[in-house]
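These notes are about the structure you will find just below.
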Protein chains: 2
Amino acid sequence: MVKDKHEPVILVTNDDGISAPGIRNLIEAVKDLGKVVVVAPDKPQSGMGHAITIGIPLRLNKVNIFGDIEAYQCTGTPVDCVKLAVDKVLHSKPDICISGINHGANHSINVIYSGTMSAAVEAAIESIPSIGFSLLDYSLEADFTAARKYARMIIEQMLSTPSDKHTVLNVNIPSARPEEIKGVKICRQAYAKYEEDFIERHDPHGRKYYWLTGEFVNFDEGDDTDVWALANNYVSIVPVQFDLTHYSLKEKLEKTWKFDS
Amino acid sequence: MVKDKHEPVILVTNDDGISAPGIRNLIEAVKDLGKVVVVAPDKPQSGMGHAITIGIPLRLNKVNIFGDIEAYQCTGTPVDCVKLAVDKVLHSKPDICISGINHGANHSINVIYSGTMSAAVEAAIESIPSIGFSLLDYSLEADFTAARKYARMIIEQMLSTPSDKHTVLNVNIPSARPEEIKGVKICRQAYAKYEEDFIERHDPHGRKYYWLTGEFVNFDEGDDTDVWALANNYVSIVPVQFDLTHYSLKEKLEKTWKFDS
C-alpha cells in the first residue's frame with residue numbers, strides 16, 4: 001500500500017543499461033506506487049560489482065523513453081548512477097531504491113559481482129532502503145510476467161512496513177509462469193560459485209587472449225538457501241549487509257594471534 | 001616462519017597497477033618467504049570493487065621488472081588477475097594471496113569499493129587464504145618502511161598458523177615511522193563513509209560533466225573499529241567475510257513479512 005500522506009519517491013536503476021527490457025518491466029510494475037525517477041547506465045554494466053568511476057568525469061543526460069517518467073542515462077557504473085541520482089537529480093534521498101530487473105540470476109556469490117545488487121547496496125549505505133531484482137533468464141526476450149508481479153508485491157511490502165534505512169534485499173525470481181511459482185522464501189546466501197575456466201584463443205597476429213567462462217557449482221546442501229528456493233520454484237529474498245566484518249573469526253584471532261612490535 | 005617441508009607459493013596482486021611502488025614494496029617484504037608469482041593489472045584499477053571483465057577478452061603478458069621474480073601484467077581488473085593467475089599461470093591454488101600495498105586507506109566502507117580488497121576477497125572465495133594491505137598515504141613517494149615491516153609480520157603469522165581456506169584480512173597501516181606505530185589491533189569495520197559531492201563543470205562545448213568527490217565522515221564512535229585503531233597509530237586488521245547474508249534481519253523478516261501469492 002502506498003502511504004497516505006506522502007507520495008513515495010522511487011529511484012530506479014539497473015546494470016543491463018537503460019534500454020534493457022528488465023528496467024522497463026520494473027518501471028511498469030511500480031509506476032502507480034509513487035513518483036518514479038530513473039537514473040541508469042547508458043550501456044550494459046554487468047559484472048561491474050561495486051566499481052566507481054574515479055579517473056574520468058561522468059555525463060548525465062535526460063532521455064524520453066518511458067513516457068511521462070523522468071529518466072536519465074549516465075556514462076558511469078550502477079553505483080555511480082545511485083550517487084549521481086541522489087546528489088544531482090533528486091537533491092535528497094528517495095524513499096526507496098529499486099534495481100533491475102536483471103537479465104540473469106544474482107543468487108549465491110553473484111551478489112558480490114553484480115552491478116544490479118551493488119547499486120542496491122550503495123543505496124543502503126546511503127541510508128536508502130533498497131531492493132535488487134533478478135530474473136533467472138538471460139534472454140532479452142524473457143517473460144517478466146511473474147517477475148513484475150513479485151517485484152510489486154515485495155516493494156509494496158517494504159513501502160508499507162517501517163524498515164531500517166540500511167535494509168537491502170536481494171530478490172531472485174525463477175524463470176517460470178506466475179502459476180508455477182510456489183511463493184516467497186526468506187533465505188541465506190548459498191555457498192555456490194562459478195568454477196573458472198578461461199578459454200584461450202589466438203588473435204590474427206598470433207597473440208593469446210582469454211575469455212572468462214565458468215561452470216556453476218553449488219557446494220551448499222542447505223534447504224534454507226537462495227539456490228535451493230529457486231530450484232524449488234520459490235522467489236528468494238536474501239537480506240544483505242555491508243558490514244563485511246567476519247565477527248567469529250575476529251574473536252578467534254583476538255585469542256590466538258599475538259604480535260610483538 | 002616459513003613451513004619446513006614445502007616452500008609456500010605466494011601470489012601477489014594489487015589495484016594500483018604493476019608499476020606502482022606499493023606492489024614493489026610488498027614483493028620486497030616477502031620474496032624470501034616462498035616462491036613469489038606476480039599477476040597484476042597493467043594500469044591503475046582503483047575503485048574497481050569486485051568488477052570482472054565479461055564483454056571483452058583479457059590479455060596477459062610476462063614482464064621482467066622485479067629481477068628474478070616471475071611476473072605478468074593483465075589488461076583486466078584485480079579480480080580478473082586472481083582468476084587468471086590460478087587458472088592460466090599457477091595452474092593450481094597458491095598457499096596465500098597478498099594484495100597491495102595500496103596507496104591510500106581501505107578501512108571502513110572502503111573495503112567494498114577497493115580493488116585491492118576485492119582481489120583478496122576473490123582469492124578467499126576460491127579457497128585461498130588472503131590479505132589485502134593498504135597504507136594511509138596516497139603519494140607515489142610514500143614511505144613504505146612501516147608497511148613492509150607489518151606486512152611481513154602478518155604474512156608470516158598467517159603462513160605459520162593453520163587458517164581456514166576462506167580467511168581474508170583487511171590490513172591498514174598508519175602513515176607513520178615504524179617507531180611511532182603502537183602495535184596491531186584486530187578490529188571491526190567502522191561505519192564511516194564518504195559523503196558525496198559531485199563537482200559540476202562544463203566542457204568547451206558547454207556540456208555538463210561531473211567529478212566524483214567526497215568528504216570522509218565517521219559515524220561510528222566505537223573504539224574497536226579500524227578507523228579508531230588507525231587514528232591512534234595502530235595497524236588495523238579486519239577479518240572479512242563474503243557471505244553477505246544479514247542474518248538478524250533474515251530472522252526478523254521471517255517473523256514479520258507475510259506474502260499471499
query = What about B:V86, is it in contact with a strand residue (DSSP E or B) (Cβ under 8 Å, 6 or more places away or on another chain), more than 18 Å from B:I173 (Cα to Cα) and not small (G, A, S)?
reply = yes
ask   = Which of the following residues is basic (K, R) and under 17 Å from B:F198 (Cα atoms): A:K83, A:K35?
value = A:K83
note = In the stretch B:236-255, anything under 21 Å from A:Y191 (Cα atoms) and assigned to a helix (DSSP H, G or I) is listed as B:Y247, B:S248, B:L249, B:K250, B:E251, B:E254
request  = Give the stretch B:49-66 a look and list any residue that's more than 7 Å from chain A (Cβ to nearest Cβ) and either touching a helix residue (DSSP H, G or I) at 6+ places or on another chain (Cβ under 9 Å) or buried (at least 20 other Cβ atoms within 10 Å of the Cβ) (or both), or say none.
outcome  = B:I65, B:F66
inquiry  = I need a count of the residues in the stretch A:187-233 that are in a strand (DSSP E or B), touching a Ser or Thr at 6+ places or on another chain (Cβ under 8 Å) and among the aliphatic types (A, V, I, L, M).
reply    = 2
request  = Out of A:I186, A:I237, report the one residue that is within 25 Å of A:G47 (Cβ to Cβ), aliphatic (A, V, I, L, M) and crowded, with 18+ Cβ neighbours inside 10 Å.
outcome  = A:I237
note = If we ask which residues in the stretch B:171-186 are within 26 Å of B:P94 (Cβ to Cβ) and at the interface with another protein chain (Cβ under 8 Å from one of its Cβ atoms), their number turns out to be 2
query = Just checking, which of A:P94, A:P162 is over 24 Å from B:M48 (Cα atoms) and either in a strand (DSSP E or B) or at pLDDT below 95 (or both)?
reply = A:P162
query = Name the pairs: first residue in the stretch A:242-258 and facing chain B (nearest Cβ under 7 Å), second residue exposed (fewer than 14 other Cβ atoms within 10 Å of the Cβ) and among the charged types (D, E, K, R), Cβ to Cβ under 8 Å, at least 6 apart or on different chains?
reply = A:L249/B:D164
request  = Go over the candidates A:W211, A:W257 one by one and state the one that is closer than 23 Å to B:Q241 by Cα and not small (G, A, S).
outcome  = A:W257
message = Exactly one of these conditions fails for A:L169: (1) at pLDDT 95 or above; (2) surrounded by fewer than 13 Cβ atoms within 10 Å (Cβ to Cβ). Give me its number.
response = (2)
task = Look at B:S118 and say whether it is of a type outside the set (A, V, I, L, M, F, W, C), more than 13 Å from chain A (Cβ to nearest Cβ), surrounded by 24 or more Cβ atoms within 10 Å (Cβ to Cβ) and out of contact with any Lys or Arg (no Cβ under 6 Å at 6 or more places or on another chain).
result = no
inquiry  = I'd like the full set of residues that are polar (S, T, N, Q) and more than 12 Å from chain B (Cβ to nearest Cβ), limited to the stretch A:90-115.
reply    = A:S92, A:S99, A:N102
request  = State which residue is nearest to B:G34 (Cα to Cα) when the search covers only the stretch B:97-115 and only residues that are surrounded by fewer than 24 Cβ atoms within 10 Å (Cβ to Cβ) and of a type in the set (A, V, I, L, M, F, W, C).
outcome  = B:A105
inquiry  = When you check A:S175 against the structure, is it of a type in the set (S, T, Y) and touching a residue at least 60 places away in the same chain (Cβ under 8 Å), yes or no?
reply    = no
key: Residue match in the stretch B:45-54 (condition: in a loop (DSSP other than H, G, I, E, B), within 17 Å of B:K93 (Cα to Cα) and among the small types (G, A, S))   = no
ask   = Within the stretch B:123-133, is there a residue that is outside any helix (DSSP H, G or I), of a type in the set (S, T, N, Q) and within 11 Å of the chain's Cα centre (by Cα)?
value = yes
In the stretch A:172-217, the residues that are at pLDDT below 95 and of a type in the set (S, T, N, Q) = A:T213
inquiry  = Whether any residue in the stretch B:201-217 is more than 7 Å from chain A (Cβ to nearest Cβ) and buried (at least 21 other Cβ atoms within 10 Å of the Cβ) is what I want to check.
reply    = no
ask   = Does B:V39 satisfy being at pLDDT 95 or above and touching a Phe, Trp or Tyr at 6+ places or on another chain (Cβ under 8 Å)?
value = yes
message = Among the residues of the stretch A:75-89, are any touching a residue at least 24 places away in the same chain (Cβ under 8 Å), closer than 26 Å to A:Y138 by Cα and more than 14 Å from every other protein chain (Cβ to nearest Cβ)?
response = no
task = Determine if the stretch A:246-260 includes at least one residue that is polar (S, T, N, Q) and crowded, with 20+ Cβ neighbours inside 10 Å.
result = no
key: Verdict on A:V121 being in contact with a His (Cβ under 9 Å, 6 or more places away or on another chain) and either of a type in the set (V, I, T) or at pLDDT 95 or above (or both)   = yes
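The values are calculated or read from the model by the stated rules, or taken from the named source; none is laboratory data. The shown structure was predicted, so the numbers you read here are calculated from the model rather than taken from an experiment. Methodologically, a virtual Cβ is constructed for each residue, glycine included, from the backbone with ideal geometry; neighbour enumeration extends over all protein chains shown.
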